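The values are calculated or read from the model by the stated rules, or taken from the named source; none is laboratory data. If you're wondering where the values come from, they're calculated on a predicted model, not measured in any experiment. Cβ atoms come from the backbone with ideal geometry, glycine included; neighbour counts cover every protein chain shown. For the accessible areas, the whole protein counts, side chains as well, though only heavy atoms, and no ligand, DNA or RNA atoms are used. Shrake-Rupley method; radii C 1.70, N 1.55, O 1.52, S 1.80 Å.
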Amino acid sequence: MLFLACALSYTRAHAAAAPQKPARAKADLRGSAAERLEAADAARFGRGARPAAAELDAAVAREANPQVRYGLLQALAAQDPIAAVPVLSRSLRSDASPIVRVAAAQELGRLEDPAAARALASALAGDADLDVRRAAAASLSVHRSTSAAAALAAAAVQADPGVRRFVARALSRHDGAGVEAALTRLAADPDRAVAA
């Protein structure tokens, strides 16, 4: 009995003296940037109360921090893929941050939806940022549609060899006459990495 009393006393004394872990930021879509990031992660991974898709959409629209917008887009795509397509398409088309546009392209690549393929094709054809065009090409590789294949085939003549490399890799996952012609053209590309 004395041993049990001593052990209990020792446990209580050390528990009181143990350093406390710092409190995590509360998940709040209207709080500080850290809280907004925590809320996006919580929504993405299904921890705690999950905001509705409309609430995540509104948070993306009002968010000034590109890193938080990135997280919000990922959360929306994970939580409600159907509601995410228009928001991701809008972000891919008009977000000021190339990082956010890359995230939107990556998330659209995970969604089998004709509207997602159209948004990716548009970004591949006309986005000013090379990384966004590369992400769009990579994402189009998983869309098994003739429109995705046509967009990739049309992009086989882009000036940037990096984009052409992504296009060649993506086209190798598609088939059709236009795809074969584009791959033949890419096989003769002056950039050896593209031709390979």
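Mind listing whichever residues of the stretch 134-157 are open to solvent by 20 Å² or more (accessible area, probe 1.4 Å), assigned to a loop (DSSP other than H, G, I, E, B) and in contact with a helix residue (DSSP H, G or I) (Cβ under 6 Å, 6 or more places away or on another chain)?
Val142, Ser145, listed by residue number.
Quick one: is Ser122 in contact with a Leu (Cβ under 7 Å, 6 or more places away or on another chain) and among the hydroxyl-bearing types (Ser, Thr, Tyr)? Reasoning before the result, please.
Details: in contact with a Leu (Cβ under 7 Å, 6 or more places away or on another chain): no; among the hydroxyl-bearing types (Ser, Thr, Tyr): yes.
No.
Residue by residue through the stretch 81-131, note down the ones that are farther than 17 Å from Ala61 by Cα and in a loop (DSSP other than H, G, I, E, B).
Arg110, Leu111, Glu112, Asp113, Asp127, Ala128, Asp129
Could you list, in sequence order, all residues of the stretch 115-150 that are closer than 14 Å to Ala103 by Cβ and either in contact (Cβ under 8 Å) with a residue 60 or more places away in the chain or not small (Gly, Ala, Ser) (or both)?
Listed by number, the residues that qualify are Leu120, Asp127, Asp129, Asp131, Val132, Arg134.
Of the residues Ala105, Ala75, which is modelled with pLDDT of 95 or more, aliphatic (A, V, I, L, M) and crowded, with 21+ Cβ neighbours inside 10 Å? Quick ask: steps written out before the conclusion?
Working: Ala75 fails: modelled with pLDDT of 95 or more.
So the residue among Ala105, Ala75 that is modelled with pLDDT of 95 or more, aliphatic (A, V, I, L, M) and crowded, with 21+ Cβ neighbours inside 10 Å is Ala105.
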